[in-house]
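To start, the structure under review is shown below, and the notes come after it.
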Amino acid sequence: MVRTIDGDERRRLLAEAVWSVVRRDGFEAASVRNVAAEAQLSTGSVRHFFATQADLHRFAMEDLVRSVTQRVRVACASHEDPLEAALAGLGELLPLTDRTREEFLAHLQFVTRASVDEELQPVAAASFDGVQSFCRSVVEGLRAAGRTREGLDVEAAAEDLGALVDGLFLRLLVAPGLTDPDRARAQLRRVLLDLGPTS
């Protein structure tokens, strides 16, 4: 029996095609025509799901954010210890493996494009807001588990953690001589441990 592909699956397939084109040829190459060719579909099939190229690009960004968010949840759930759960989740926000490095390099092209593309700006902003929100939940979770010092300014600590994640993200992608995955993980661990009670 012939297997049919539903609309959601087809949209995800097209999002993956966008990322493949961007990784290989850059953002400017991610036209409807090129994405259709990558997905082995007609341009008409792409237009059926996405009226404009901007719609296609926006969905690809949103789909990546959803994918990373799901990975963060799974990583956190795989650890009972709140510190290890936080580190696992934070690790999914960074290009620490070959696979995530390729993924986030493409995402960086989108974020850079969003600085001059009003269609993409809301999605880029939401992705950074999501990182900051997760950092806040990390600090709040450690506090609830009694793993932070008394009187800790949760909001300030979350902002500092978010800035560290953003900085490590860029360093790992564009200045790997300044850090590497093991050092990045160690730095995250030190920062979270520094939130703990003072002896």
Discussion item. Within 12 Å, Cβ to Cβ, of R183, how many net charges do the neighbouring residues add up to if Lys/Arg are +1 and Asp/Glu are -1?
Written reply: +2
Discussion item. I'd like the distance separating the alpha-carbon centroids of the range 76-133 and the range 173-190, in whole Å.
Written reply: 15 Å
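For the pair D25 and L173, what calculated FRET efficiency results from E = 1/(1 + (r/R0)^6), where r is the Cβ-Cβ distance and R0 = 22 Å, to the nearest 0.05? Mind dumping the intermediate values first?
On the way: r = 18 Å, r/R0 = 0.82.
It comes to 0.75.
If the chain between S115 and H48 were fully stretched, how many nm would it gain, using 0.36 nm times the residue separation less the Cα-Cα distance? Could the numbers behind the result be given before it?
Working: separation 67, 0.36 × 67 = 24.12 nm, distance 2.81 nm.
Length difference between fully extended and current span is 21.3 nm.
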Worksheet item: Summing +1 for each Lys or Arg and -1 for each Asp or Glu, what net charge is found among the other residues whose Cβ lies under 12 Å from the Cβ of R58?
Response: -4
Practice prompt. Work out how much length D160 to E62 would gain on full extension: take 0.36 nm times their residue separation and subtract the Cα-Cα distance, in nm to one decimal.
Written response: 32.7 nm
Discussion item. Restricting to DSSP H runs of at least four residues, report the calculated mean residue ellipticity at 222 nm for the chain, -39500 (n - 2.57) per run over all residues, nearest 500 deg cm²/dmol.
Written reply: -24000 deg cm²/dmol
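Bear in mind these aren't lab numbers, they're just calculated from the coordinates by the rules spelled out. For clarity, every value in this text was computed on a predicted model and none was experimentally measured. Glycine gets a Cβ as well: all are built from the backbone with ideal geometry, and neighbour counts include every protein chain shown.
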